[in-house]
Each structure stands twice: as structure tokens, then as C-alpha cells.
Amino acid sequence: MHTLSTRTLHALAYERGEEYDPALAPTPALMEELDVGHRGGRPIEAPSTYELRRRRDRERRQELALVPEWFSIEDLLERPAGIHGEIV
């Protein structure tokens, strides 16, 4: 762990509601909080918009894969009847 500046230590102590005096050693509670923060893992960041779009595209491709190959959108269209009911 790198050495923190007095400004950073003052800000951390202020967040905890403590007074920080650079001439004195930091309180054990402040050092424990720094140690716990140091041992923690990296923060998990939200996926980027590019990654979200890739996921949506992947899900859409998987949904489309469920449609049979023989099916066509033309099957859903109403066919106009010609003379004597024949399709023109």
C-alpha cells in the first residue's frame, strides 16, 4: 500500500467524523478502515454501451434461431385472391 498524503488522510478522517492532526499518528479505526479498503477487490464497473449492445444482438440472434428455416414472413401476409380464387 502506498503512503497517503496528509490531505487524503484528512479527507478520510473528515468522512468518519474525526479530527486529523498530521503531527499525531492516525487513529487505529482509520487505519483499520484503510486496511479493509486495501484488501477489497477491484470495483465492478457497469458494462459499457458497446457491451450492452453486443448482449442484445446476441440475445436477438438466439431468439431468431428458434424460428424454423422453412417459415417465411409471407406466410403471415394475406394473399390477394384473383379470378376464381386463384392467386395472381
May I ask you to evaluate 6.51 cos²θ - 1.76 cosθ + 1.60, the Karplus curve with θ = phi - 60°, for each residue of the stretch 58-72 and list the ³J(HN,Hα) values in order in whole Hz, giving x for glycine and proline? 5, 5, 5, 5, 5, 5, 5, 5, 7, 7, x, 5, 6, 6, 10
Quick note, the stretch 1-66: a/c under 1.5 would make it rounded; otherwise a/b > b/c is prolate and the rest oblate (a ≥ b ≥ c, C-alpha gyration tensor); here it is prolate
Between ARG58 and MET31, what is the spin-label point distance in nm, taking each point 7 Å from the Cα along the Cα→C-beta axis? 4.6 nm
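Every number here is computed from the coordinates shown, using simple stated rules; none is lab data. In this text the structure is predicted, and so the values were computed from the model without any measurement. Heads up, the Cβs are rebuilt from the backbone with ideal geometry, glycines too, and the neighbour counts pull from every protein chain shown.
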